[in-house]
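Student: Structure below; questions to follow.
The values are calculated or read from the model by the stated rules, or taken from the named source; none is laboratory data. Quick caveat: nothing in here was measured; it's all calculated off a predicted structure. Cβ atoms come from the backbone with ideal geometry, glycine included; neighbour counts cover every protein chain shown. Just the protein is used for accessible areas: all its heavy atoms, side chains included, with ligands, DNA and RNA removed. Shrake-Rupley method; radii C 1.70, N 1.55, O 1.52, S 1.80 Å.
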Amino acid sequence: MDATLSYDPDVLPGVSPEVDVPHSDVLFREGQTLGGHVTYTPRLIAMDVNGHLRTLRQEGCLYDPGGDISAVTWDGSLMIHKESPPAKNSFLEDLDNLETLAVADVNSSQPGYSGLGGVASATSQVSPIQKDYKLEGSVKVWSDFLRIHLHPRTVSVIHQYNHDGEANRLRAFDQGEALLQGLLLEELEDKLHFFAEECDYLQGFQVLCDISDGFSGLGSKVTEMLQDSYSGKGILTWGLSPVSYSNSTPVKELCHQLNCTVGTVHLARNSSFFCPLSLRGSLSRKHSSPTTFPLLTYDPSLWYHSSAVLALALDALTLPYRMRNNSTPMHQVAETLAVSGRKVVAAYGAIPFPMMHGASLFDALSSCTDALPWKPLSTCPEATDGRCYGQLVTLKGFEGQRLTSSPAPGCIPPSPLHSGEDVLASYISSFYPSCPLALQLASAPSRLSPPFPQIFSESLDARGFLHSQQPPPNTAAPLVSSAPVLTSLQSGPALGSWLTELHRGVSALDLRRLAPSYLSEISEYQETLEQLRVLAQCYRDDSSGAMCSSEDDDD
């Protein structure tokens, strides 16, 4: 997912002074290639199955000495088998060409050099790619739109399971749980220690995990290991689920539902907090419409589109513990929301936030007085009665816009609010009058460099703001290169109803319809269901008779 959001190769990733830059041990690590060039690679460990790398080399190429197999000395007969790699799409081809030109320019003239994410950048003629790529028909996996280079220790391939075909698929929670042992466990521990030991200050870990297949089980064991080995550090887990699958069947949908439910229980237990992220209308098997956004024209059936939307949301949701100043550590973010055993939180987002170019935040919020502008990102409907135990709201990307309304000369100011925090807090409190609220504002937007899909409404300008004036007819829509985003993380009674519905749905499943190897122990499954029921009761609000009656009916 993170690969969808790209950075300007001419500067460090922290393009804003507000957000920490890579060499501050937050997101990126600084290194040096064998050619002596400084480069930055994500502090990331990625575990995936066969077939997801496609044209991407597992060990990367930043630290490749450039050896040739023909240079190997061998006295006996030698047979070389060559297999043609999958064809690269137009974006990856352009990226290769740009990097080759930049490195050649640096080697020949040695000007000031900065290498970021594999797109080497000299101070001379080479410029970043700025094209509108139409990759909807060529993107099959995340590596097809990866803009950055990865560290050689980043990728771990699970060779027992495949990405394509029906055979050897990582379908079930139990299969994923059983993976983390032996060599795979040793490899993960080695990589964790490598990245953790070079940090000046380790906040914690951010875990992104597909909870609809066997990765829910693998993620559960990973978070359990992190909890045992790094006690006291924040473990913030985001459980991802696609809107739909191709070639799906009722049995497969049943498996997806069961994986999501069991994964929610285990990941919540092992994490500081767990937040499901999906544009599905519901995690149940019932057909429901995907989440829609007024200013987006994305195709929910394309993972390339849905992952881009969630990546844009995640960039704002994670902002509080990535700030240079006034940063909130991961464990404090979790403690703000996950209170009294309520370790599942729900996410909501206005993507993009409807703010008109030249207007103010006060004006934008004043146009949304009937309903909050954000939509569910966790398949959990938002409470309509203003009840909430805790909320963390983030606004990102209002660069160049006013936050408070400016009165006309000689007129009384329309509002006594003097800062963006005041304006936003007053607005949120009008919907949640008694909810504890934490706010985070950052003016810098998310940079949507190619190949981020152009899924935006024509009513937006290049910076993601609404046009103040209607563009002339037959004017080509500009490439949207950034966007303001408003997000919310919430803990409230609505999650109790949501978890209760998950419990009710899986309790009615007939497990005999699944493969015998899906769940190794029925008794363990029944224990998980009981844990889910107890987790739902943590969100009980005794001030609401309706909530209590539904819980009592369940009991």
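Student: For a Förster distance of 51 Å, can you work out the FRET efficiency between the beta-carbons of residue 385 and residue 38, rounded to the nearest 0.05?
Tutor: So the FRET efficiency works out to roughly 0.40.
Student: With a 1.4 Å probe and all protein chains in place, put 131, 252 in order of accessible area, largest first.
Tutor: The residues order as 131, 252, largest area first.
Student: Could you tell me which of rounded, prolate or oblate describes the range 434-506, using a ≥ b ≥ c as the square roots of the eigenvalues of the alpha-carbon gyration tensor, with rounded for a/c under 1.5 and, failing that, prolate when a/b is larger than b/c and oblate otherwise?
Tutor: prolate
Student: With a Cα-only, solvent-free Debye model of the range 258-314, what are the log10 I(q)/I(0) values at q = 0.13, 0.27 Å⁻¹?
Tutor: -0.42, -1.15
Student: Which far-off residues, 5 or more places away or on another chain, put their amide H under 5 Å from the one on residue 39, with H placed in the peptide plane?
Tutor: When sequence neighbours closer than 5 places are left aside, the close amide H contacts are 31, 32, 33.
Student: Calculate the spin-label point distance for residue 197 paired with residue 292, positioning each point 7 Å from the Cα along the beta-carbon direction, and give it in nanometres.
Tutor: 5.5 nm
Student: May I ask you to compute the full-extension gain from residue 97 to residue 301, defined as 0.36 nm times their residue separation minus their alpha-carbon distance, rounded to one decimal in nm?
Tutor: 70.3 nm
Student: Right, something else. Here are some pairs, 252/286; 233/375; 191/221; 140/191; 286/343; 88/134; which of them have Cα atoms lying more than 19 Å apart in this structure?
Tutor: 233/375; 140/191; 286/343
Student: Quick one: if the Förster radius is 45 Å, what FRET efficiency do residue 252 and residue 80 give, using the C-beta to C-beta distance and rounding to 0.05?
Tutor: Result of the calculation: an efficiency of 0.65.
Student: Another question, then. For the range 222-343, what is the convex hull volume of its Cα atoms per residue in Å³?
Tutor: Per residue, the Cα convex hull of the range 222-343 comes to 142 Å³.
Student: A further question on this structure: How much length is gained if the chain between residue 59 and residue 530 is pulled fully straight, taking 0.36 nm per residue apart and subtracting their Cα-Cα distance, in nm to one decimal? Don't skip to the end; give the middle numbers.
Tutor: Details: separation 471, 0.36 × 471 = 169.56 nm, distance 4.31 nm.
Gain in length upon complete extension: 165.2 nm.
Student: Moving on to the next point. Once R0 is set to 41 Å, what does the formula 1/(1 + (r/R0)^6) return for the Cβ-Cβ distance between residue 30 and residue 422, expressed as a FRET efficiency to the nearest 0.05?
Tutor: 0.60
Student: Next up: Taking amide H atoms as placed 1.01 Å from N in the peptide plane, list the residues 5 or more away in sequence, or in a different chain, whose amide H sits under 5 Å from that of residue 324.
Tutor: Sorted by chain and number, the residues that satisfy this are 19, 20.
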